[in-house]
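The values are calculated or read from the model by the stated rules, or taken from the named source; none is laboratory data. Everything numeric in this text was worked out from a predicted model, so none of it was measured. All Cβ positions, glycine included, derive from the backbone under ideal geometry; neighbour counts span all protein chains shown. Only protein heavy atoms, including side chains, enter the accessible area calculation; ligands, DNA and RNA are left aside. Shrake-Rupley method; radii C 1.70, N 1.55, O 1.52, S 1.80 Å.
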Amino acid sequence: MRYLRSGPRRLHTQEMGAPRAKTVGLRSGEIADRNIRVILEAIRRHGPLTRMELGRHCGLTGPGITNILRRLAEEKLVTSNRRNGLGGGATATEFALRPEGAFSIGVKLRQRRGEAVLIDLSGQVHDRVYIELDPADKVGLVHAAVRDMVDRHPALPIIGLGIAANDWTEDQSDQIAAMSTIARPYVENECTASLLAERTIGSSGREGGLAMIIIDDDVQAGFLIRGIPYSGVHGRAGSIGEMLTGPDNVQLNTVVGFESLRSRIGDQAFTSLLKGEEISSPLLSQWIREAAGHLLDPIIAMAGFLAPSVVMIGSDLSQSVIEALIHQLSIERRDTSTRPLLTPWISPMKPASFSGGGVALGAALLPFLNTLLLPPASA
């Protein structure tokens, strides 16, 4: 497959406000690549579309659209069919995404566990594995998992690897690139990857801001503002786990993080929860009540400062636990015994669209956003 040339170097560098000496225009080849991305993104989001409909979506001329569609068809990224006219009228050719035209692997990494997924261009998951990690050999174990996945699907056009991790280094990227047959990985932090999954293939609307809270070993948040992930200075935005919260003024991580849940319900029940199994336990209910009481403080702060259109909560915990936590949050915000001032408005809360908060999915989207689809700053 021929790769498009333009694209972001690292997504988070675009919003960190680094000074630029001058404004740089696009070369003709970069303009052509961007127009190809515009057409492919329109087909992916709104297709199937005819040439006329693509013109209305993209504002490009007929001959330009025809040339781009020819190139996308040659690279097997779109397919065409005849659309019958209404009432027996004239037919037109419509163009649709060909999801099997490109595949990507995404890896979510924690200290001792990980997840790898293989997705097609539409975001459909074709393979998923869970990885036990040893911090001393993280690169080797990630490489082995990716290699095994590639070997299981030798005929698929896998264009790249994305990694979502908060502690992955440039040296580790160099090591895995030297070991792998796939190009050097694209890397983002977990919350940014989760937000990219929601924005690109999730159910959240594109208007307004979006906040994502990921509950795992620690608690972190990410923000999508005007469609662009916001990381803050030195990537510090969203470090809510370090906040002192609740009436007892304790660190959020120590109440809501996985270690708190594990110590409360026991190793066996905790392992069952991570496997997606439903458990009924008064100890779990107690954790949900305490977690909601402390998690409400950063959510109120988000509503006051950013006013996102929705706050989403993602985790490896089962959907029922996340829904119970959100229900308890709605109860807590109406309780004036611990918070005498009612918040006049708070962002709606709902579970993330994907299991695990969609972190691995967002990682798998990184190669697409860097080679084929429009990056967040452009879409």
Cα-projected label distance for residue 122 with residue 335, points at 7 Å along beta-carbon direction, nm: 4.5 nm
FRET efficiency estimate (nearest 0.05) - Cβ-Cβ, residue 267 to residue 74, R0 45 angstrom: 0.25
Antiparallel DSSP beta bridges within the chain, as percent of all bridges there, nearest 5: 65 percent
Accessible-area value, residue 297, 1.4 Å probe, nucleic acids and ligands omitted, Å²: 40 Å²
Proximal aspartates and glutamates relative to residue 350, as straight alpha-carbon distance under 14 Å, when same-chain residues fewer than 8 apart are discounted: 198, 323
Length-normalised contact order for the stretch 144-211 - Cα pairs under 8 Å, 6+ apart - percent: 29 percent
Mean separation of Cα contacts under 8 Å (6+ apart) over length of the chain, as relative contact order %: 19 percent
Accessible area per residue, Å², the chain with all protein chains present, probe 1.4 Å: 48 Å²
Surface share of carbon and sulfur [accessible, 1.4 angstrom probe, percent] for the chain: 52 percent
Loop trypsin sites (Lys or Arg not before Pro), the stretch 285-335 (other Cβ atoms within 10 Å of the site Cβ: 13 or fewer; DSSP): 334
Cβ-derived FRET efficiency at R0 45 Å, residue 84 paired with residue 171, nearest 0.05: 0.20
Residue 278 - accessible surface, heavy atoms, 1.4 Å probe, Å² rounded to 10: 120 Å²
Trypsin sites (Lys or Arg not before Pro) restricted to DSSP loop in the stretch 40-102 with at most 13 other C-beta within 10 Å: 76
Mean separation of Cα contacts under 8 Å, 6 or more apart, over the residue count of the stretch 43-132: relative contact order %: 22 percent
Answer label, with semi-axes √(5λ) of the Cα gyration tensor in Å calculated from the coordinates and candidates (1) 33, 29, 17; (2) 38, 25, 21; (3) 31, 28, 20: (2)
DSSP-assigned coil residues among trypsin sites (Lys or Arg not before Pro) in the stretch 190-274, each with at most 11 further Cβ atoms within 10 Å: 236
Subset of 138/275; 76/108; 108/275 violating a 27 Å alpha-carbon distance limit: 76/108
